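So the structure is just underneath, and the comments pick up after that.
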Amino acid sequence: MNALIFTTIFLVLVGLIIFYRLREGVPGFKIMLLGINITLLGGIIALDPDSNLGGIEYLIVLSGLLTSLIGLKRKD
């Protein structure tokens with residue numbers, strides 16, 4: 001249960017950081033790099049045999065992919 005709460009808080013914080021960066025005018029390349037890092041983090045968590053987050057790790061991977069797509073579509 002603690003892992004679920006931690007993961008939810010983590011996802012909310014990452015979402016707020018991404019939203020703040022998008023409004024600030026950060027180049028799309030940096031947003032893409034952030035998305036790749038989030039995807040890698042979620043993949044590492046998903047591959048860890050000791051982690052049992054109930055599928056939340058796959059939501060982390062999906063949010064990283066969506067962030068990368070947002071950075072790709074952004075005009076610099």
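Would you be able to tell me the number of residues in segment 16-34 that are of a type in the set (Ser, Thr, Tyr) and within 15 Å of Gly64 (Cβ to Cβ)? Even if it seems obvious, please write down each step before you answer.
The initial filter retains those residues of segment 16-34 that are of a type in the set (Ser, Thr, Tyr), namely 20.
Keeping just the survivors that are within 15 Å of Gly64 (Cβ to Cβ) gives none.
Result for segment 16-34: 0.
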- Taking first residues from segment 40-63 that are without any contact (Cβ under 8 Å) to a residue 60 or more places away in the chain and second residues anywhere that are loosely packed, with under 15 Cβ neighbours inside 10 Å and among the small types (Gly, Ala, Ser), the pairs with Cβ under 9 Å that are 6 or more apart or on different chains are Ile45/Ser51; Ser51/Ala3; Asn52/Ala3; Leu53/Ala3; Gly54/Ala3; Ile56/Ala3; Glu57/Ser51; Ser63/Gly15
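Only the coordinates and a few stated rules stand behind these numbers; no lab work does. Keep in mind that what you see is a predicted model, and the values were worked out from it rather than measured. Positions of Cβ are generated from backbone atoms using ideal geometry, with glycine treated the same way; all protein chains shown enter the neighbour counts.
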